[in-house]
Amino acid sequence: MNILIVSHQGVASGIASAAQMIVGDISQIHTIELTEAGVDVFADELENYLKEWLSKDTGIVLADLKGGTPFNQAELILSRLGLKDHAKVIVGVNLPLVLELLFKKLDINNQNELKDFVESSRLNIDCMDLYNQNNENEDE
């Protein structure tokens, strides 16, 4: 599965770098980051990449912040180009989510698969102190 990570400066490249350290080949990951160059430069790069990429394939776009510029531009451009059947945007990118996608074949047009994937990704967010506290309360 091809993965595009869009983010504010440093986030996407950092996650991709960490994924490469863990798994090696990450040729199916591409990153585009919003930098000081501005929104117009980011949007142009994103649109050009999406047009080329999605003319041949489908994939997942991962964004860092819901309502942030990278997320908003990805949604806007996919809608404007009529490519929402070729890519889905998932917001809240993190390293465990990327690693899972690298090894999973996800049908982006299957709503149940997408829902299950998002739900399982949410389970990777935890606080061990809360977990340990809950276990201590159960033991009492």
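Structure notes:
- Each residue of region 107-112 is assigned a 3J(HN,Hα), and the resulting list reads 7, 5, 9, 9, 4, 5 Hz, derived from the Karplus form 6.51 cos²θ - 1.76 cosθ + 1.60 (θ = phi - 60°), x at Gly and Pro.
- Amide H to amide H distances under 5 Å link His30 with Ile3, Leu4, Ile5, where only residues 5 or more positions off or on other chains count and H is placed in the peptide plane.
- Couplings 3J(HN,Hα) of region 28-33, computed from phi: 7, 9, 10, 10, 9, 10 Hz, in residue order, whole Hz [Karplus 6.51 cos²θ - 1.76 cosθ + 1.60, θ = phi - 60°; x for Gly and Pro].
- Rounded to 10°, Cα long-axis angle of helix 69-80 versus longest principal axis of the chain: 50
- Rounded to the nearest 10 degrees, the angle from helix 11-23 to the longest Cα principal axis of the chain is 70 degrees.
- Computed on the Cα atoms alone, the convex hull of region 2-139 gives a volume of 133 cubic angstrom per residue.
- Cα-based helix-to-principal-axis angle, 39-54 vs the chain, degrees rounded to 10: 90
- For region 34-64, GluC sites (Glu not before Pro) are listed when DSSP marks them as loop and at most 12 other Cβ atoms sit within 10 Å of their Cβ; the list is Glu36.
- Net length available on complete extension from Asp116 to Asn72 is 13.5 nm, with 0.36 nm assigned per residue and the Cα-Cα distance removed.
- Under 5 Å, built H, 5+ apart or other chain: amide partners of His8: Leu34, Asp64
Every number here is computed from the coordinates shown, using simple stated rules; none is lab data. Since the model is a prediction, treat every value here as computed from it, not as a measurement. Positions of Cβ are backbone-derived with ideal geometry, glycine not excepted, and every protein chain shown enters the neighbour counts.
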